[in-house]
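Please read the structure below before turning to the comments.
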Amino acid sequence: MGKRHPELVGQDLPDARGLPRTGITTVPMSVLEAGADQLRALRAAASKAELTLVELSCATRATRSYQEYAAALAPTPEEAIQYQGLALCGPGKRVRQLTGSLGLLR
């Protein structure tokens, strides 16, 4: 298991058999709906705003290891990346400025 971040992930919790289950995030997260063009624009804006950004693309889902992902991403020009989601982390005000017009995914 990777490094634990107690400020982001809650304590492990027991299930009905008493077995430990890894805690979930303690940071509120909204899942917002956006189309491909919106994701590309949001990614560019988040980069300029110096937010922590995690990209989920077709390459992310099609590869089985970080090394495979790196090999798939390296020759791909930015305009060919097919974004399927983004995770943004940073000051709440800055994130809301970029995402405030997006609706909740239902």
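The values are calculated or read from the model by the stated rules, or taken from the named source; none is laboratory data. As the structure is a prediction and not an experimental result, all values here were calculated from the model. All Cβ positions, even for glycine, are placed from backbone atoms using ideal geometry, and neighbour counts span all protein chains on display. Accessible surface areas use protein heavy atoms only, side chains included; no ligands, DNA or RNA. Shrake-Rupley method; radii C 1.70, N 1.55, O 1.52, S 1.80 Å.
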Convex hull volume of the chain per residue (C-alpha atoms, cubic angstrom): 155
Amide hydrogen neighbours beyond the local backbone of Ser57, cut-off 5 Å, H modeled: Gln84
Protein-only accessible surface order, largest first, of Ile24, Ile81 at 1.4 Å: Ile24, Ile81
Helix-only CD estimate at 222 nm, as mean residue ellipticity for the chain, using -39500 (n - 2.57) per DSSP H run (n ≥ 4): -9000 deg cm²/dmol
Where the chain is the region considered: accessible area per residue in Å², 1.4 Å probe: 78
Sulfur and carbon atoms: percent of accessible area, the chain [1.4 Å]: 57
Which of Glu55, Glu79 is most accessible, then next, and so on - probe 1.4 Å: Glu79, Glu55
Coil-residue trypsin sites (Lys or Arg not before Pro) of region 36-79, DSSP, other Cβ within 10 Å capped at 13: Arg64
Among Leu88, Leu19, Leu53: highest mean-square fluctuation, GNM of the chain, C-alpha pairs under 10 Å: Leu19
Largest-first ordering by accessible area, 1.4 Å probe, given options Arg106, Arg94: Arg106, Arg94
